[in-house]
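> Dropping a structure here in structure tokens format, bear with me for questions.
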Amino acid sequence: MTDFTFNKFDFLAELGLSETNKGCFDGENWIGSAKPLVTLNPTNNKPIASVTTATEEEYELCVQNMQKAFEMWSDLPAPKRGEILNDLKEEFIAKKEPLGKLVSLEMGKILSEGLGEVQETIDILEYAVGLSRTISGTIIPSERQDHVIFETWNPLGIVGVITAFNFPNAVFGWNAALALMTGNVVMWKAASTVPLVAVATTKILETVFKKHSLPKGLVTLVIGPGRTIGEKLITDERINLVSFTGSTQVGKHVSEVVHKDFRSTILECGGNNAIIVCEDADLDLALRAILFASVGTAGQRCTTTRRLILQDSIYESFLEKLTKAYKTIPIGDPLEKGTIMGPLHEPRSVENYLNAIESAKKEGGKVLYGGKKLEKEGNFVEPTIIAIDHKAKIVHEETFAPILYVFPFENLEEAIKINNEVPQGLSSSIFTNDMRKMFKWIGPKGSDCGLININIPTSGAEIGGAFGGNKETGGGRESGSDSWKQYCRRGTCTINYGTELPLAQGIKFGEN
């Protein structure tokens, strides 16, 4: 019998969780009768609780319920959907503290980041509520008399959302808020190492949906292995859009499978993000930004700064200050006050960290700070700085750990080239007070990333902007701006309100 530590954390019961939980929600009932998962606390690798997984038959029941729910939900006017999302926002506000603590406990990020993640879900719900009364299509002048052209935006149907361990609540929130606001229904396949967050989040949705007597199947949850449940989701032609967050390798597979049927994807496959620091920059500001972006979430954000490009004139002095700052970072239990860096998520994450450091050494890298696993229980490692050639193979790979590769540059053109030479293209930032450099950075010969920042970290994006990247990061956008359009079927409608039938381009059909 597994010796769970569930009872040590009072906030788990506040979220409706227990030592044993069902990991499939069909939109009405909690089922899940397949093999249970045991979720571990990355601080000590002790078991917290168990969650049963979904069978393929239970997956099918979820889809059938969703098809029926879509008929009603898509007919509901967007402002009415917005009212329900507003209630959902209020419920997340009420549960922010216990849910934020759960994110920290199960994922391993510090408490302020766990609470911040739940705040992201609250923010995107508030954003979606506003959009429910403001989304509009373009009205286009017609060249034909008594004609008008405009755009329509209608829901796609079922949206499948596959999320990763590092943001077990917010990424689902980004997708679900916009998908529901635009009239879709949502199937969530959560990461198997953070199932408690998924169950607790879904229970919050369940509470609000039952309050409004909504049809079963509006949102479903299927926790299970990627090779079975995940594969079933991406191959299912009834799923019209798949939003996937995870590795580039798996993302390529998702893309091949989904696009084979000409369905749609949003792919967020990680990044290999760089910060450029010019000699004219506010160096104290840059130092604070680099600390957050490279050490925050123990280097396990897709927007984590993994490469630091320093102008050669400040290279040595800045590295000295950065190394000194790294030495002061408190590492420990993410739920304890004062901790700045928690553990890596899994033991295999520690292995990947150590293997990457050894690879860097073999390619001529010099460890300036860190490089070791801490001698304590759990998955704790040292944040690490490595000076290395920017062309080294390991530098061009994404290692989900607090490893920062550093290299010098002579001029802006060289720095931009280094930024762009990796296969990923998610986030980037430059620190400079030179307006010319700023506008070159955001222009056609500047950063090739989806997020192009100036004087801020690569991580910590607000929900108001569209989030996503280019190249091997994937494609598509989540969160703010016009990302809601990703969840819609776009139509161009031309109306003739006259009595004649003029043709476009002046064509005369049937006339000599």
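Read-outs throughout are calculated quantities, based only on the coordinates presented, and are distinct from any laboratory measurement. Being a predicted model, the structure only gives us computed values, none of them experimental. Cβ atoms come from the backbone with ideal geometry, glycine included; neighbour counts cover every protein chain shown.
> Could you give the dipole magnitude of the stretch 273-462 about its Cα centre, charging the beta-carbon of Lys and Arg +1 and that of Asp and Glu -1, in debye to the nearest 20?
160 debye
> What pairs from Lys101/Lys372; Lys46/Lys252; Lys337/Lys372 go past 26 Å between their alpha carbons?
The answer is Lys101/Lys372; Lys46/Lys252.
> With the alpha-carbon atoms as the only input, what is the per residue convex hull volume for the stretch 223-343 in Å³?
154 Å³
> Assuming R0 = 30 Å, what is the FRET efficiency of Thr2 and Thr207, from their Cβ-Cβ distance, to the nearest 0.05?
Efficiency, rounded to the nearest 0.05: 0.55.
> A further question follows. Give the separation of the Cα centroids, the stretch 12-86 to the stretch 472-512, in Å.
If you average the Cα positions of each part, the centres end up 37 Å apart.
> Excluding residues fewer than 8 places away in the same chain, name every one of the aspartates and glutamates whose C-alpha is closer than 12 Å to that of Lys327.
Within the straight-line limit of under 12 Å, Lys327 reaches these aspartates and glutamates: Glu382.
> Once every Cα of the stretch 353-397 carries one equal point scatterer and solvent is ignored, give the base-10 log of I(q)/I(0) from the Debye formula at q = 0.16, 0.22, 0.27 Å⁻¹, two decimals.
Debye output, listed in q order: -0.42, -0.71, -0.95.
> Still on this structure: Please report the equivalent ellipsoid semi-axes of the stretch 1-69, computed as sqrt(5 x eigenvalue) of the Cα gyration tensor, largest first, in whole Å.
The three semi-axes for the stretch 1-69 are 28, 13, 8 Å.
> For the stretch 273-462, how big is the tail of P(r) above 31 Å, as a whole percent of Cα pairs?
Result: 12 percent of Cα pairs exceed 31 Å.
> Between rounded, prolate and oblate, where does the stretch 322-419 land on the alpha carbon gyration tensor, with a ≥ b ≥ c its root eigenvalues, rounded for a/c under 1.5, else prolate if a/b exceeds b/c?
prolate
> Answer with one residue from Ile430, Val406, Leu131: the one whose Cα lies farthest towards the positive end of the charge dipole of the chain, charges on Cβ with Lys, Arg +1 and Asp, Glu -1.
Selected residue: Val406.
> State, to one decimal in nm, how far the label point of Glu500 lies from the label point of Lys362, with both points 7 Å from Cα in the Cβ direction.
7.6 nm
> Give me D for the chain in µm² s⁻¹, whole number, from Stokes-Einstein with Rh from the Kirkwood sum over alpha-carbon pairs, 4 °C and 1.567 mPa s.
It comes out at roughly 54 µm²/s.
> May I ask for the net charge around Pro98, where only other residues with Cβ less than 15 Å from the Cβ of Pro98 are counted and Lys, Arg are +1 while Asp, Glu are -1?
Taking every other residue near Pro98 into account, the sum is -1.
> Charges at C-beta only: +1 for Lys and Arg, -1 for Asp and Glu. How large is the resulting dipole of the chain about its Cα centre, in Debye rounded to 20?
320 debye
> Sticking with this one: Within the set of other residues whose C-beta is less than 12 Å from the C-beta of Ile223, count the net charge using Lys and Arg as +1 and Asp and Glu as -1.
Net charge in that neighbourhood comes out at +2.
> Work out the FRET efficiency for Glu462 and Asp434 from their Cβ-Cβ distance, taking R0 = 22 Å, and round it to the nearest 0.05.
Once the sixth-power term is evaluated, E becomes 0.30.
> Now for a separate question. How far apart, in nm, are two points set 7 Å out from the Cα along the Cα-to-Cβ line at Ala325 and at Ser136?
Taking the two extended label points, one gets 4.4 nm.
> Checking the table Lys89/Lys189; Lys189/Lys232; Lys391/Lys417; Lys324/Lys391; Lys417/Lys445 against a 19 Å threshold on Cα-Cα, which pairs fail?
Table pairs above 19 Å Cα-Cα are Lys89/Lys189; Lys324/Lys391.
> Check Thr20: other-chain or 5+ apart residues with amide H under 5 Å from its amide H, H built from backbone geometry?
Amide H to amide H, under 5 Å and 5 or more residues apart or across chains, Thr20 pairs with Ser50.
> Using the per-residue mean of other Cβ atoms lying within 10 Å as a proxy for protection, in what order, highest first, do the peptides 225-234, 434-443, 46-55 fall?
Ranked by mean Cβ neighbours within 10 Å, highest first: 46-55, 225-234, 434-443.
> Could you calculate the FRET efficiency of Glu414 with Asn29 from 1/(1 + (r/R0)^6), where r is the beta carbon distance between them and R0 is 56 Å, rounded to 0.05?
0.40
> Could you pull out every residue, at least 5 positions away or on a different chain, whose amide H is within less than 5 Å of the one on Ile454? Hs are placed 1.01 Å off N in the peptide plane, and Pro or chain starts have none.
Under 5 Å from the amide H of Ile454 lie the amide H atoms of Ile430, each far enough along the sequence or on another chain.
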